[in-house]
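Trainee: Next up is a structure, given as structure tokens.
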Amino acid sequence: MEASRIAQSIGFTLDRFIKNNQDQFQYASGELSQLLRDIALASKVVNREVNKAGLIDIMGPLGSQNMAGDDQQKLDVLADIRFTRALKKGGEVCALISEESESYEDLNNNGKYVIAIDPLDGSSNIDVNVSIGTIFSIYRRISKVGSPIQQEDILQKGSEQVAAGYILYGSSTMMVYTTGHGVNGFTFEQSLGEFFLSHPDMQMPDNGKIYSINEGQSNSFSESVKKYVQDCKDKKMTARYIGSLVADFHRNLLKGGIYIYPSTAKDPEGKLRLMYECNALAFISEQAGGMATDGKTRILDIQPTALHQRVPFFVGSKKMVELAQSF
Ligand code: AHG
Ligand code: MN
Ligand code: MN
């Protein structure tokens, strides 16, 4: 009995879970499954490198900036290389949109999928041993397989995502993803080198006590955001802000809460990027019973007009996002 209980707790590997659920996809040809496996493999390589930060020369700034004007860290670039290589080798992806590149990259014209990725989220936390992550969104291409990539393949609304997820390099490493049939979380078991299903069918509490916002910027918040934050204080809620979107989102997903990055004087459109930060987390939050808006419009309904477009972002427990929006 004891032996079978222990054996049971090892549970499902990510690979087996992907395979067993493959027929849930509208186009069950196995390519999306392979793509998810490629991402998981690249994340294991990045995880290994993240764990070595401090031991080898991968911490600190690279001395360059990405398209959005953020200072690039060595790990930003390293993670970008790891994911790009894995996706190129896999062959399922025709175009890759990355935070670290100005334009999209053509990978394989015969690939059926477009992927948008923030290879390393929370860069400012790398050097101080605080949780960081990777965020990805996957779309079906619209143009014919084999033909050159079109603008319409690249700039798709979040509602067109066929899968999205994130990897959190935290006190343990987790991959959380959805293919539009609920959200499942997998924890990486270092010694076996495998992700195991640890959080089946994740649900975001309808309401919560945590609000996550960079209050240092509060002088330049709009009156309505200021009022909402004051309301959180009046209700004696708990402020928690890590500064890694993935980590802040993950905590709020498990415990119930709201994450806000509003427009500020420095970033009038907000700081976060629609295509490779907000859309994925919006899809996951909705699949887990939560909600995501830019303060007015559902994130997944926003038609992107540029690869690196920014949007104000309100995401989390449904009742909290509704209340914030009502302000
Ligand atoms: P990235 O490291 O990919 O550029 O993202 C950083 C983002 C996000 O992870 C985080 O929530 C936010 O920036 C924090 O911004 P502030 O320091 O302005 O609060
Ligand atoms: Mn980011
Ligand atoms: Mn990043």
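The values are calculated or read from the model by the stated rules, or taken from the named source; none is laboratory data. Remember, predicted model here, so these are calculated numbers, not experimental data. Cβ coordinates were reconstructed from backbone atoms using ideal geometry, including for glycine residues, and neighbour counts include every protein chain displayed. Each accessible area value is taken on the protein alone, full model and side chains, heavy atoms only, with ligands, DNA and RNA left out. Shrake-Rupley method; radii C 1.70, N 1.55, O 1.52, S 1.80 Å.
Trainee: Put 32, 323 in order of accessible area, largest first, 1.4 Å probe: what do you get?
Mentor: Result, largest first: 323, 32.
Trainee: Starting from the amide H of residue 313, placed 1.01 Å from N in the peptide plane, find each other amide H under 5 Å away whose residue is 5 or more places distant or on another chain.
Mentor: For residue 313, whose amide H was placed from the backbone, the distant partners under 5 Å are 261.
Trainee: Something else now. Whole angstrom only: what separates the Cα centroid of region 124-188 from the Cα centroid of region 203-271?
Mentor: 22 Å
Trainee: Compare the peptides 112-118, 11-17, 83-89 by average per-residue count of other Cβ atoms within 10 angstrom and give them in order, highest first.
Mentor: Listed from highest to lowest mean packing, they are 112-118, 83-89, 11-17.
Trainee: While we're here: Identify the GluC sites (Glu not before Pro) of region 68-143 meeting these criteria: DSSP loop state and at most 10 other C-beta atoms within 10 Å of the C-beta.
Mentor: In loop regions of region 68-143 (DSSP not H, G, I, E or B), the sparsely surrounded GluC sites (Glu not before Pro) are 102.
Trainee: Quick one: of 52/266; 271/319; 227/255; 255/296; 226/266, which pairs are farther than 28 Å apart, Cα to Cα?
Mentor: Over 28 Å Cα-Cα: 52/266.
Trainee: Next up: Where in the chain are the DSSP H helices whose C-alpha atoms run 18 Å or more along the long axis and whose mean Kyte hydropathy is at least -1.0?
Mentor: Helix filter hits for the chain: 31-52, 74-90.
Trainee: By the gyration tensor of its Cα atoms, with a ≥ b ≥ c the square roots of the eigenvalues, what is the shape of region 148-218: rounded for a/c under 1.5, prolate for a/b over b/c, or oblate?
Mentor: Verdict is oblate for region 148-218.
Trainee: By per-residue mean of other Cβ atoms within 10 Å, what is the highest-first order of 143-152, 40-49?
Mentor: On the way: 143-152: 11.5, 40-49: 20.1.
Highest mean packing first, the order is 40-49, 143-152.
Trainee: While we're looking at this one, here's another question. Provide the per-residue ³J(HN,Hα) series for region 297-311, in order, calculated from phi with Karplus coefficients 6.51, -1.76, 1.60 and θ = phi - 60°, each as a whole number of Hz, with x at glycine and proline positions.
Mentor: 10, 4, 3, 5, 9, 7, 7, x, 10, 8, 4, 9, 4, 9, 9
Trainee: Taking a ≥ b ≥ c as the square roots of the Cα gyration tensor eigenvalues, with a/c under 1.5 meaning rounded and otherwise prolate when a/b beats b/c, else oblate, which class fits region 210-326?
Mentor: Oblate shape, in that a/c is at least 1.5 and b/c is the bigger or equal ratio.
Trainee: Dipole size in debye (nearest 20) for region 2-199 around its Cα centre, Lys and Arg Cβ +1, Asp and Glu Cβ -1?
Mentor: Details: 17 positive and 25 negative charges, 143 e Å.
Magnitude of the dipole: close to 680 debye.
Trainee: Taking 0.36 nm per intervening residue step and subtracting the Cα-Cα distance, what contour gain separates residue 209 from residue 147 on full extension?
Mentor: Working: separation 62, 0.36 × 62 = 22.32 nm, distance 4.99 nm.
The span from residue 209 to residue 147 would gain 17.3 nm if fully extended.
Trainee: Which order do you get for 153, 80 if you rank them by accessible area with a 1.4 Å probe, largest at the top? Intermediate values should be presented prior to the final figure.
Mentor: Details: 153 0, 80 25 Å².
Final ranking, largest accessible area leading: 80, 153.
Trainee: While we're here: Give the residue from 30, 315, 230 lying farthest towards the positive end of the charge dipole for the chain; charges sit on Cβ (+1 for Lys and Arg, -1 for Asp and Glu) and the dipole is referred to the Cα centre.
Mentor: 230
Trainee: Show that you can apply the helix-only estimate: for the chain, add -39,500 (n - 2.57) for every DSSP H stretch of four or more residues, divide by all residues, and state [θ] at 222 nm to the nearest 500.
Mentor: Taken over the chain, the calculation gives -9500 deg cm²/dmol.
Trainee: In addition: What residues have an amide H closer than 5 Å to that of residue 149, excluding those fewer than 5 places away on the same chain, when H is modeled at 1.01 Å from N in the peptide plane?
Mentor: none
Trainee: By the gyration tensor of its Cα atoms, with a ≥ b ≥ c the square roots of the eigenvalues, what is the shape of region 2-199: rounded for a/c under 1.5, prolate for a/b over b/c, or oblate?
Mentor: Cα axes put region 2-199 in the oblate bin.
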